[in-house]
Structures are given as C-alpha cells and as structure tokens.
Amino acid sequence: MTEGIQNKAAVVTGASTGIGEATVRALRTEGWTVYAVARRADRLESLAAETGAVALPADVTDDADVARLVDEVTRAGGIDTLINVAGGARGADKVAEAKTEDWEWMFEVNVLGTMKLTRAFLPMLRACGEGTVLNLTSTAGLSAYEGGGGYNAAKFAQHALTGALRLEEAEHNLRVIEVAPAWSRRRSSR
Ligand SMILES: NC(=O)c1ccc[n+]([C@@H]2O[C@H](COP(=O)([O-])OP(=O)(O)OC[C@H]3O[C@@H](n4cnc5c(N)ncnc54)[C@H](OP(=O)(O)O)[C@@H]3O)[C@@H](O)[C@H]2O)c1
C-alpha cells in the first residue's frame with residue numbers, strides 16, 4: 001500500500017466496466033475505500049465481491065438516484081475523492097445525419113451526469129479540506145474529428161465544466177483533475 005493514502009475514499013462512476021472498473025481495481029489495490037457506481041448492479045456486485053469495493057448501483061443522470069447515493073455514502077463515512085468516469089460515445093454520424101437521441105444520451109451522461117454528481121458531492125468534498133474531483137474526458141474534448149460531432153460536443157462541454165470547476169473551487173482547496181485519454185483498449189476479462 002502506498003504510504004499516506006490509507007484513509008482515502010472515493011466514489012468511482014462508470015465502475016461496471018472499462019476504465020471505471022479498472023480504476024476501482026487500482027484504488028482497492030492501493031487500499032482506498034471505494035464506492036463503485038453504475039447502473040448494472042450484477043456487475044458491481046461481482047466487482048465488489050472480488051475487490052472489496054462497495055457496490056452502489058445508480059444512474060448518474062437521475063436526480064433521485066444521485067440524492068440516494070449521497071445519503072448512502074454519507075452514512076458509510078463519506079469520501080474525499082470523486083471520480084467521474086461514466087460516459088461514452090454513441091453513434092458516429094456526421095452532423096448532417098445526427099441522431100437527436102444519440103446526442104441527448106451523450107450530453108445526459110457525459111455532461112449532466114458529471115455535473116449532477118459533482119454538485120451533489122461538493123459539500124462533502126469541500127468539508128474534508130482537501131478534496132479531489134477527477135473527470136474522465138477525452139482527446140475528443142480537445143479536438144474535433146469527422147463523425148465525432150456529438151461526442152466532441154459533449155466532451156468539449158465536460159472539459160469546459162472541469163475548467164470552470166477548477167477556478168471556482170480553488171478557494172475551497174479542491175483539486176480538480178482532468179484526464180483526457182485517447183482510445184484505450186479494454187483489458188477486463190469480464
Ligand atoms: N475507452 C476509450 O478509448 C476512451 C477514451 C477516452 C475517453 N473515454 C471516456 O472514458 C470513460 C469510460 O470509458 P469506457 O470506454 O471505459 O466506457 P464503457 O466501458 O462503455 O463504460 C461506461 C461506464 O459508464 C457507465 N454508465 C453509462 N451510463 C451511465 C449512467 N447513466 N449512470 C451510471 N453509469 C453509467 C456504464 O455502466 P452501466 O451501463 O452499468 O450503467 C459503464 O460502467 C467515458 O467517459 C469515455 O467517454 C474512453
């Protein structure tokens with residue numbers, strides 16, 4: 001276990017697969033308390049059984065789910081770190097053929113989900129004195145590409161949200177981190 005992080009506790013969204021699941025595994029290996037959030041409860045339960053994370057099924061776009069999540073995490077002891085991984089791309093249509101439902105989904109989960117989780121946990125993160133929010137954006141949020149319009153727009157928005165949050169929360173000693181990967185390969189066997 002890395003020295004000095006024994007008491008760290010994080011909510012990780014998007015934890016049922018991919019980067020979020022890998023983040024849960026990495027943090028548990030380092031001894032963090034981890035609350036794993038996604039909609040698929042069965043996947044979270046097996047990840048929890050395997051790693052010792054706490055499974056908290058929730059939809060990050062649903063206000064009631066988000067409120068329940070904050071209650072559950074508060075009762076369990078709270079967090080000092082929020083890691084917003086839930087998100088992704090849907091469709092690869094050019095703007096001329098854009099499907100409204102795909103764009104709505106991408107904005108709901110990447111942008112509004114990040115905002116809702118962050119807004120809900122900010123009081124807890126401020127109160128701990130040295131909280132962290134990490135948002136998983138993408139290189140798609142830094143430069144556009146053909147057929148990427150919807151995902152580009154959502155990730156650019158999430159990137160902007162992250163920048164504004166960093167400036168706004170500096171006075172609360174909140175560390176705001178953006179991780180913007182390019183394509184990453186899934187290594188999970190599940
Ligand atoms: N993979 C890449 O190459 C890559 C590159 C750059 C950036 N990214 C970004 O990294 C993040 C993770 O990517 P990934 O490839 O690991 O994605 P993934 O394997 O498709 O996983 C997405 C995760 O988000 C969760 N999720 C989706 N909608 C949700 C909702 N409404 N409420 C709660 N959880 C929700 C999914 O769980 P449930 O379905 O169980 O809810 C799943 O755990 C995304 O934000 C993506 O944009 C990925």
Check: Could you list, in sequence order, the residues of the range 110-143 that are closer than 16 Å to residue 183 by Cβ and without any contact (Cβ under 8 Å) to a residue 12 or more places away in the chain?
Finding: 143
Check: Would it be correct to say that residue 58 is over 21 Å from residue 177 (Cβ atoms), hydrophobic (A, V, I, L, M, F, W, C) and assigned to a loop (DSSP other than H, G, I, E, B)?
Finding: yes
Checklist line | Within the range 113-127, considering residues that are aliphatic (A, V, I, L, M) and within 11 Å of the chain's Cα centre (by Cα), the one farthest from residue 64 (Cα to Cα) | finding: 115
Next item on the list: Please verify whether the range 29-42 includes one or more residues that are of a type in the set (Lys, Arg), within 15 Å of the ligand (Cβ to nearest atom), in a helix (DSSP H, G or I) and more than 13 Å from the chain's Cα centre (by Cα).
Entry: no
Checklist line | Top-ranked residue of the range 111-130 - restricted to ones that are more than 17 Å from residue 72 (Cβ to Cβ) and crowded, with 22+ Cβ neighbours inside 10 Å, ranked as nearest to the ligand (Cβ to nearest atom) | finding: 113
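A quick yes/no check of all residues on (1) surrounded by fewer than 24 Cβ atoms within 10 Å (Cβ to Cβ); (2) over 21 Å from residue 78 (Cα atoms):
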residue	(1), (2)
14	no, no
22	yes, yes
25	yes, no
28	yes, no
38	no, no
44	no, no
48	yes, no
54	yes, no
63	yes, no
Margin query: Looking at 140, 120, 154, 170, can you tell me which residue is farther than 14 Å from residue 85 by Cα and in contact with a Phe, Trp or Tyr (Cβ under 8 Å, 6 or more places away or on another chain)?
Written below: 140
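Here, each number is a calculation from the coordinates, and none is a lab measurement. Please read these numbers as outputs of a predicted model, since none were measured by experiment. Every residue, glycine among them, receives a Cβ derived from its backbone with ideal geometry; neighbour counts consider all protein chains shown.
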